[in-house]
1. Would you mind computing, in nm to one decimal, how far apart the modelled labels at Ile224 and Gln195 are, each placed 7 Å from Cα along Cα→Cβ?
2. Suppose the chain between Val35 and Ser234 were pulled fully straight at 0.36 nm per residue; how much longer would it get relative to their current alpha carbon spacing?
3. Output the relative contact order of region 155-267, whole-number percent, from Cα pairs under 8 angstrom with separation of 6+ residues.
4. What are the ³J(HN,Hα) couplings of region 9-20, residue after residue, when phi is run through the Karplus curve with 6.51, -1.76, 1.60 and θ = phi - 60°? Round to Hz, x for glycine and proline.
5. Give the aspartates and glutamates whose C-alpha is closer than 19 Å to that of Lys2, dropping any in the same chain fewer than 8 places away, or say none.
6. Quick one: if you stick a label point 7 Å off each Cα along the C-beta vector at Val130 and Thr98, how many nm between them?
7. When the label point is put 7 Å from the Cα of Val244 along its Cα-to-beta-carbon vector, which residues of region 1-26 have a backbone N closer than 20 Å?
8. Report relative contact order for the chain in percent, whole number only (criteria: Cα-Cα under 8 Å, sequence separation at least 6).
Amino acid sequence: MKVIDPITVTEDDLVSSVAEDEPVWDSGTTYAANVTVRGTGLFEHKLFVSLQAANLNKVPGASTSSTWWLETGAANRWRMFDASLSSQTADADEISVTITLPDLVTGIALLNIEAATARIVVTDAVEGVVWDVTYDLTDPGGIVDPYAYAFDPILRRADLVELELPAFAGAEIEITLADPGATVRWGVCALGRVQDLGGTQWGPVLGIQDFSVIEQDAFANYRIVERAFIRKASFALMIENRFVDALMRLLSGFRARAVVYIGDEDFGSTIVFGFYEDFSTAIPWPTRSLLSINLKGLPAT
């Protein structure tokens, strides 16, 4: 299992991205009910909807303006960095972002994406382009014969991880998702250093917890309300005893923080962006140990 602890991307780190086309709140404008604006100051990357008519000079996000404005989430440009799987940055044809981080980045996770291709380019100030790979996001799963190839709907991968980027601190990273003629959507862009927790053993348990409501009345009629779901997974890892103490410290540092866990790169369903519920380590052998970890992902729709 490997893990990416996402680095927080700030305004200074984001060189280019989709345009911020939401209007910025203006103190001199009177807003009608249900009008959406982008905040200012600490809230410049947040969206707010007006709750009342004649909304004049009420600052979005201020405690005194809670009856005037309702925060509805991150602005389009920042949804891929808001640590939420449900919210997605969206744009026509393609989304291209360029990021320069002072920290070392050896892994990237693109989660809850809707696109045909992805391209990652890493450029070092001295060495030039050190990585340029385009990924086909078509999912061949379920294509078992010519009939399925010709007539089954085209499926796309919703998650992509790259865990072998060259180690260049401060490099410029350009990521492009493309699907000409369609709307491209991007839920999470997580960048950071890849850390190895241990060898994932066969037998993981994978599934979801659904929060939808399905109720049946006395006349057998159903009321169905579709809601978010979360991924759940349980893994067993084989680790060397000399790494037990370091691994315990590392996982303790991840408590109450959303990180990207990758059970196996070949199985997208083993990617969980979220938290561990618990973990435990058994030391049954002189040189090897077994670590059991239970994961719970962030809500997705």
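1. Result for the modelled spin labels: 4.2 nm.
2. 67.2 nm
3. Value for region 155-267: 23 percent.
4. With the stated coefficients, region 9-20 comes to 8, 9, 4, 5, 7, 8, 6, 8, 6, 5, 5, 8 Hz.
5. Lys2 reaches Asp103, Asp159, Glu162, Glu164, Asp196, Glu240, Asp245, Asp264, Glu265, Asp266, Glu277, Asp278.
6. 1.8
7. Counting backbone N atoms under 20 Å from the label point, the list is 1.
8. Once divided by the residue count of the chain, the mean separation gives 20 percent.
Here, each number is a calculation from the coordinates, and none is a lab measurement. Nothing here was measured: the structure is a model prediction, and the numbers come from that model. Note: ideal-geometry Cβ built from the backbone for every residue, glycine included; neighbour counts use all protein chains shown.
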